[in-house]
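Visitor: I am attaching a structure below and will ask some questions about it afterwards.
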Amino acid sequence: MSNRFRLQFLGATGTVTGSKYLLQAGDHRVLVDCGLFQGWKQLRLKNWAELPFPAHSLDAVLLTHAHIDHSGYLPVLGKRGFRRRVYCTRGTQALAEILLVDAAHLQEEEANFANKHRFSRHQPALPLFTADDARAVCRHLAPVDYGRTIEVAKGVTACWRPNGHIIGSASIEIAHAGVKIAFSGDLGRMNDPLMRPPNPITEADYVVVESTYGDRRHPASDTEATLRDVVTRTVARGGSVLIPAFAVGRAQVILFHLYQLRQRGELPPVPIFINSPMAIDATEIYREFAGEHKLSERDYSAMCRMAKFVRTPEESKLLCQQKTPMIVISASGMATGGRVLHHLVQMAPDERNTILFTGFQSGGTRGATLVSGADVVKIFGEYVPVRAEVVNIETMSAHADYEELLQWLAGFRRAPRHVFVTHGEPSAADALRRKIGERFGWSCSVPEYRDEVALD
């Protein structure tokens, strides 16, 4: 049997979505992350393309965390014959069981809506995967504890280290035949208001590091002051604030900041709604995994009582019709799907309202279109005028900026043989590559889609 150890990049190259890394260790295959491509149409089409390997040939899948751009392709993998274990932390298992089924429901709803209103080029429009596909693959989730090394395929071991991005998120160390490779996953902030800082990894021969914010620092502005000012001026002109937010991580941070403002009496007395069943379920998981974040039980309970949770479609429709000032947090964070689209249809044409984004907007998403200043946005096959104020507060991002990425890399006690920079737009990835070379003098490159390298 050959001892070759090879790595192929099947996603998150030139983009922040679709994370997939194929490790071939001798005759065994392990996939690190299994994400959906999002954003530009040419990226989304890759979700429908055939994989360069049979799904049933995988020995295992290893997840860094539950976000859909890292886990959302799992139901498709299952449809195509994968029946082995999906190793992940306990927090990731809990969240993935929510996120994958919710993502499937969105796929089904969008296909049904497209068929009903006949705006799809495909007749009939079909979902990429169904809720049954999602539930089936969730049965293969195999939880592991942080810091425990396990064998995931013959001769291949893996260990998960907390990395502070969301509940359950981790960096993964993988070893085979005396060679170790570390995957950063999506690294959290060193001083996040909710999550604890990433744990360092001290040794690896190869490193795969994300670069979402590889070309920028997070602004030093006061997040809560900016949020207060946006809400205050919007309510003063009789408008509402719509906050598209990732259901896991970002929705909870926003709710925490609003809670802090209300505690200090700095927030107008308007109702706050969370209109995302997935965000509601994810928020409740924060209680179960209290050791992974900084919130006390008292603050957590008070924060949840402050917001009104909108669970049913009927309640959501009524909320969309409400005309009095309010704050609505709804998924998704880049306005690619979900209930937030119905709110955008109602709220974007009204100049009194504000659409408030709270982090990176990937190219080709509605969020990126809106943040760029577009005066119309396409939703459900129709162009909706945008007269509302559009604001983006990047200080709420759950991703490390380039200084924090470099700080994490500085934890390695010796130089890796090579660093691969992924999960970033081209300018961000190349900027981080240069910074790593200048700061550490390490060998470093930005791989392209389907590049394959030997890990000697």
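The values are calculated or read from the model by the stated rules, or taken from the named source; none is laboratory data. Only a predicted model underlies this, so the values are computations on that prediction, with no experimental measurement involved. Glycine gets a Cβ as well: all are built from the backbone with ideal geometry, and neighbour counts include every protein chain shown.
Visitor: Tell me which of these residue 367 doesn't satisfy, since it passes every other one: (1) under 18 Å from the mean Cα position of the chain (by Cα); (2) assigned to a helix (DSSP H, G or I); (3) under 15 Å from residue 248 (Cβ atoms).
Guide: In the conditions (1) under 18 Å from the mean Cα position of the chain (by Cα); (2) assigned to a helix (DSSP H, G or I); (3) under 15 Å from residue 248 (Cβ atoms), residue 367 misses (3) alone.
Visitor: Please pick out the residue among 255, 267 that is part of a helix (DSSP H, G or I), out of contact with any Gly (no Cβ under 8 Å at 6 or more places or on another chain) and within 19 Å of residue 230 (Cβ to Cβ). Before you say what the answer is, go through the steps one by one.
Guide: Numbers: 267 fails: part of a helix (DSSP H, G or I).
From the options 255, 267, the qualifying one is 255.
Visitor: While we're on this one: With the checklist (1) part of a helix (DSSP H, G or I); (2) without any contact (Cβ under 8 Å) to a residue 12 or more places away in the chain; (3) closer than 25 Å to residue 132 by Cβ in hand, flag the one item residue 46 doesn't pass.
Guide: (2)
Visitor: Can residue 368 be described as over 19 Å from residue 166 (Cα atoms), in the same structural domain as residue 324 (by TED's automatic domain parsing) and touching an Asp or Glu at 6+ places or on another chain (Cβ under 8 Å)? Break it down stepwise before answering.
Guide: Details: over 19 Å from residue 166 (Cα atoms): yes; in the same structural domain as residue 324 (by TED's automatic domain parsing): yes; touching an Asp or Glu at 6+ places or on another chain (Cβ under 8 Å): no.
In short, no.
Visitor: Being part of a loop (DSSP other than H, G, I, E, B) and either among the basic types (Lys, Arg) or in contact with a Pro (Cβ under 7 Å, 6 or more places away or on another chain) (or both) is the requirement here; does residue 231 meet it? Walk me through it before giving the result.
Guide: Values: part of a loop (DSSP other than H, G, I, E, B): no; either among the basic types (Lys, Arg) or in contact with a Pro (Cβ under 7 Å, 6 or more places away or on another chain) (or both): yes.
The answer is no for residue 231.
Visitor: Restricting to region 54-79, what's the tally of residues that are part of a loop (DSSP other than H, G, I, E, B) and modelled with pLDDT of 95 or more? Outline the logic, then answer.
Guide: Keep residues of region 54-79 that are part of a loop (DSSP other than H, G, I, E, B), which gives 54, 58-59, 63-67, 72-73.
Next, from what is left, pick out any that are modelled with pLDDT of 95 or more: 54, 58-59, 63-66, 72-73.
So the answer is 9.
Visitor: Whether any residue in region 20-29 is in the same structural domain as residue 425 (by TED's automatic domain parsing), more than 20 Å from residue 186 (Cβ to Cβ), modelled with pLDDT of 95 or more and crowded, with 24+ Cβ neighbours inside 10 Å is what I want to check. Outline the logic, then answer.
Guide: Step one: list which residues in region 20-29 are in the same structural domain as residue 425 (by TED's automatic domain parsing), which gives 20-29.
Keeping just the survivors that are more than 20 Å from residue 186 (Cβ to Cβ) gives 24-29.
Restricting the remaining residues to those that are modelled with pLDDT of 95 or more gives 24-25, 28-29.
Then keep just the ones that are crowded, with 24+ Cβ neighbours inside 10 Å; that gives 25.
The answer is yes; a qualifying residue exists.
Visitor: Is it true that residue 410 is without any contact (Cβ under 8 Å) to a residue 40 or more places away in the chain, in the same structural domain as residue 113 (by TED's automatic domain parsing) and either small (Gly, Ala, Ser) or closer than 23 Å to residue 224 by Cβ (or both)?
Guide: Working: without any contact (Cβ under 8 Å) to a residue 40 or more places away in the chain: yes; in the same structural domain as residue 113 (by TED's automatic domain parsing): yes; either small (Gly, Ala, Ser) or closer than 23 Å to residue 224 by Cβ (or both): yes.
Judged against the criteria, residue 410 is a match.
Visitor: Taking the condition surrounded by 21 or more Cβ atoms within 10 Å (Cβ to Cβ) and either closer than 21 Å to residue 16 by Cα or touching a helix residue (DSSP H, G or I) at 6+ places or on another chain (Cβ under 7 Å) (or both), does residue 212 pass? Quick ask: steps written out before the conclusion?
Guide: Numbers: surrounded by 21 or more Cβ atoms within 10 Å (Cβ to Cβ): yes; either closer than 21 Å to residue 16 by Cα or touching a helix residue (DSSP H, G or I) at 6+ places or on another chain (Cβ under 7 Å) (or both): yes.
Spelling it out, residue 212 is indeed surrounded by 21 or more Cβ atoms within 10 Å (Cβ to Cβ) and either closer than 21 Å to residue 16 by Cα or touching a helix residue (DSSP H, G or I) at 6+ places or on another chain (Cβ under 7 Å) (or both).
Visitor: Related question: Between 169, 184, which is within 23 Å of residue 454 (Cα to Cα) and in contact (Cβ under 8 Å) with a residue 40 or more places away in the chain? Don't jump to the end; show me each part of the working.
Guide: Details: 169 fails: within 23 Å of residue 454 (Cα to Cα).
Selected residue: 184, the only one of 169, 184 that is within 23 Å of residue 454 (Cα to Cα) and in contact (Cβ under 8 Å) with a residue 40 or more places away in the chain.
Visitor: In region 375-427, which residues are surrounded by 20 or more Cβ atoms within 10 Å (Cβ to Cβ), of a type in the set (Gly, Ala, Ser) and under 22 Å from residue 197 (Cα atoms)?
Guide: 397, 398, 400, 424, listed by residue number.
Visitor: Just give me the residues in region 416-453 being of a type in the set (Gly, Ala, Ser) and either outside any strand (DSSP E or B) or not assigned by TED's automatic domain parsing to the domain that holds residue 11 (or both), in sequence order. Full working, then the answer.
Guide: First, pick out the residues of region 416-453 that are of a type in the set (Gly, Ala, Ser): 424, 427-429, 431, 437, 441, 443, 445.
Within region 416-453, 424, 427, 428, 429, 431, 437, 441, 443 meet the criteria.
Visitor: So in region 30-39, with the set limited to residues that are within 18 Å of residue 176 (Cβ to Cβ) and among the hydrophobic types (A, V, I, L, M, F, W, C), which one is surrounded by the fewest Cβ atoms within 10 Å (Cβ to Cβ)? Give the steps one after another, and end with the answer.
Guide: Of region 30-39, the ones within 18 Å of residue 176 (Cβ to Cβ) are 30-33.
Retained after the next criterion (residues that are among the hydrophobic types (A, V, I, L, M, F, W, C)): 30-32.
Numbers: 30: 22, 31: 26, 32: 25.
Going through the qualifying residues, I end up with 30.
Visitor: Write out, first by first residue and then by second, each pair whose Cβ atoms fall under 8 Å of each other, whose residues are 6+ apart or on separate chains, and whose first residue, in region 71-89, is within 26 Å of residue 173 (Cβ to Cβ) while the second is surrounded by fewer than 20 Cβ atoms within 10 Å (Cβ to Cβ) and small (Gly, Ala, Ser).
Guide: Note: pairs meeting the criteria are 77/55; 82/55; 85/142; 86/142; 87/142; 88/142.
Visitor: OK, next. Give me the pairs: first residue in region 324-336 and over 27 Å from residue 40 (Cβ atoms), second residue small (Gly, Ala, Ser), beta-carbon distance under 8 Å, and six or more apart or on different chains, which are they?
Guide: Listed by first residue and then by second, the contacts come to 324/240; 325/238; 325/239; 325/240; 326/240; 327/240; 328/240.
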